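To start, the structure under review is shown below, and the notes come after it.
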């Protein structure tokens, strides 16, 4: 009887962890496409910059989607300094 009860609790705990992992995965996947868009926007801007002044202007630029409340990026320069580009 005790062994069956122990297996039930173990199964419930594992189930809760699986549900939490799935929820966190969906939250991350919702943010991932927007982060990729931000990174590519900055990468394209740096690639088109021909002078140091243009690169400095890109450093100050906010990437597409940076006005979202859950955005992690401040500016393209912040992304570059953090090593995300």
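Within the set of pairs 6+ apart or on separate chains, which have a first residue in region 69-80 that is at negative phi and part of a helix (DSSP H, G or I), a second that is exposed (fewer than 14 other Cβ atoms within 10 Å of the Cβ) and modelled with pLDDT of 85 or more, and C-beta atoms under 8 Å apart?
From region 69-80, the pairs are 76/60; 77/60.
Given the conditions (1) modelled with pLDDT of 75 or more; (2) on the phi > 0 side of the Ramachandran plot, report the number of the one that residue 54 does not fulfil.
Result: residue 54 passes all but (2).
Every residue in region 33-54 that is more than 24 Å from the chain's Cα centre (by Cα), surrounded by 11 or more Cβ atoms within 10 Å (Cβ to Cβ) and assigned to a helix (DSSP H, G or I), please.
Answer for region 33-54, where residues must be more than 24 Å from the chain's Cα centre (by Cα), surrounded by 11 or more Cβ atoms within 10 Å (Cβ to Cβ) and assigned to a helix (DSSP H, G or I): just 54.
The values are calculated or read from the model by the stated rules, or taken from the named source; none is laboratory data. Bear in mind that the values here come from a model prediction, so they are computed numbers and not experimental data. Note that each Cβ is placed from the backbone with ideal geometry, even for glycine, and that neighbours are counted across all protein chains shown.
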